[in-house]
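Readers should treat all values here as calculations from the given coordinates under stated rules, not as data from a laboratory. All figures in this text were calculated on a predicted structure; none of them were measured in a lab. Virtual Cβ from ideal backbone geometry, glycine too; neighbours counted across all protein chains shown.
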Amino acid sequence: MRDKNLEIFKKVSFVRHFELQVFKNIKNKNIKIPAYLSAGQEFISSSLSYFIIKELKIKPLIFAQHRCHATYLNFGGNPKKLIDELLGKKSGTNSGLGGSASISSKKINMFGHDGHMGTQMPIGLGACFASKKPTIIFLGDASIEEDYVMSSIGWASFKKLPILIIVEDNNLSILTQKKVRRHWEANDLAKGLKMKSVNIKDDPKDIEKSKKLFFKEPFLMNINTTRLFWHAGAGEDDYKRFDRYEYTKKKIGSIGKEIDQKIKMEVSNLWQKQLEKQ
Ligand SMILES: Cc1ncc(C[n+]2csc(CCOP(=O)(O)OP(=O)(O)O)c2C)c(N)n1
Ligand SMILES: [Mg+2]
């Protein structure tokens, strides 16, 4: 396996074990707030952050959606501060007052979500328009359906802004599938508004193919992925799910298992320490 893919796999592994700890701590009631888990969707921000920060050496403005733990962790957020935020502590990312959906960090230029689906699009667009800084905006496949998102895509396209729109397409709006909500795809919408776009799987090698376009011109990526757990909280849905992490781990054999075990321990110790500080 190429070094690059192993590095991305390690990032995914960290987020996966982090989210499994969140799951466990919701169950045992250490976490008392609604939490939106990124488990299953990690490859998107793990790959993007690797290509953007490590390879392109760009530090973008980040406008996250409510399902944002993976975004925060992958783009360089301090995991201890995320744990503290989920535990409602003052030392958390948002002083324990924002919660899972609104994680923000000045250090990594990450703006927390306000809870209204898709508002990160016009807000992120405004920040990009004013500053002309490379800007990445994450949306869910349901959030892209909001009217203000559509008009913002049009403006970003017209003004040729250095904006990268990522649709984390898990096919669900809470429990409602795309096929009963619409008959178009996000990349069709972007194309109609004269913005370049792709519709791909959350496989790092597919994501990498678009790297040369990042922040050179407005660009939308609809990335198909799988939500492993409930919309919010700790529980498992009963539909059939593809788990790219488990699939990759199996594919790369003993090295995958080794990384998985090592990072599992590391994350477990990290949580233990933070919990003991309560
Ligand atoms: C404007 C608005 N309408 C409805 C809601 C309630 N709501 C919260 S999350 C959600 C579904 C979001 O789906 P998607 O954007 O695909 O993100 P995902 O949860 O799948 O990651 C809904 C309907 C809301 N927060 N804001
Ligand atoms: Mg969705």
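Tabulated data
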item	result
Residue tally, condition touching a residue at least 24 places away in the same chain (Cβ under 8 Å), under 17 Å from Ile165 (Cβ atoms) and either out of contact with any helix residue (DSSP H, G or I) (no Cβ under 6 Å at 6 or more places or on another chain) or buried (at least 19 other Cβ atoms within 10 Å of the Cβ) (or both), over segment 199-215	4
Flag for Ser157 being touching a residue at least 60 places away in the same chain (Cβ under 8 Å), more than 20 Å from Gly112 (Cβ to Cβ) and more than 14 Å from ligand 1 (Cβ to nearest atom)	yes
Neighbours by Cβ (under 7 Å, 6+ apart or cross-chain): first from segment 38-52, within 19 Å of Tyr247 (Cα to Cα); second within 13 Å of ligand 1 (Cβ to nearest atom) and part of a helix (DSSP H, G or I)	Ser38/His69; Ser38/Ala70; Gln41/Ala70; Glu42/Ala70; Ser45/Ala70; Ser45/Thr71
Scope segment 129-154; condition within 19 Å of Phe215 (Cα to Cα) and either away from ligand 1 (no atom under 13 Å from the Cβ) or surrounded by fewer than 17 Cβ atoms within 10 Å (Cβ to Cβ) (or both); matching residues	Phe129, Ala130, Ser131, Lys132, Lys133, Pro134, Thr135, Ile136, Ser152, Ile153, Gly154
Test: residue in segment 57-78 that is free of Cβ contacts under 8 Å to residues at least 12 places away in the same chain and surrounded by fewer than 18 Cβ atoms within 10 Å (Cβ to Cβ)	yes
Hits in segment 1-42 - residues which are within 17 Å of the chain's Cα centre (by Cα), part of a loop (DSSP other than H, G, I, E, B) and of a type in the set (A, V, I, L, M)	Ala35, Leu37, Ala39
Filtered residues of segment 21-73 (kept if within 16 Å of ligand 2 (Cβ to nearest atom) and of a type in the set (S, T, N, Q))	Ser38, Gln41, Ser45, Gln65, Thr71
Check on Met121, within 10 Å of ligand 1 (Cβ to nearest atom) and touching a strand residue (DSSP E or B) at 6+ places or on another chain (Cβ under 9 Å)	no
Any hit, segment 31-48, residues being within 20 Å of Gly124 (Cα to Cα), surrounded by 16 or more Cβ atoms within 10 Å (Cβ to Cβ) and hydrophobic (A, V, I, L, M, F, W, C)	yes
Selection from segment 171-185 of residues that are out of contact with any strand residue (DSSP E or B) (no Cβ under 7 Å at 6 or more places or on another chain) and either away from ligand 1 (no atom under 12 Å from the Cβ) or in contact (Cβ under 8 Å) with a residue 60 or more places away in the chain (or both)	Leu175, Lys179, Val180, His183, Trp184
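Residue-by-condition table, conditions (1) part of a loop (DSSP other than H, G, I, E, B); (2) within 22 Å of the chain's Cα centre (by Cα); (3) farther than 30 Å from Thr176 by Cβ:
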{"residue": "Trp230", "(1), (2), (3)": "yes, yes, no"}
{"residue": "Asp238", "(1), (2), (3)": "yes, no, no"}
{"residue": "Arg241", "(1), (2), (3)": "yes, yes, no"}
{"residue": "Lys249", "(1), (2), (3)": "no, yes, yes"}
{"residue": "Ile255", "(1), (2), (3)": "no, no, yes"}
{"residue": "Gln261", "(1), (2), (3)": "no, no, yes"}
{"residue": "Lys264", "(1), (2), (3)": "no, yes, yes"}
{"residue": "Val267", "(1), (2), (3)": "no, yes, yes"}
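Conditions (1) closer than 17 Å to Val15 by Cβ; (2) touching a Phe, Trp or Tyr at 6+ places or on another chain (Cβ under 7 Å), marked per residue:
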{"site": "Asp169", "(1), (2)": "no, no"}
{"site": "Gln177", "(1), (2)": "no, no"}
{"site": "Lys194", "(1), (2)": "no, no"}
{"site": "Lys211", "(1), (2)": "no, yes"}
{"site": "Leu228", "(1), (2)": "yes, no"}
{"site": "Leu270", "(1), (2)": "yes, no"}
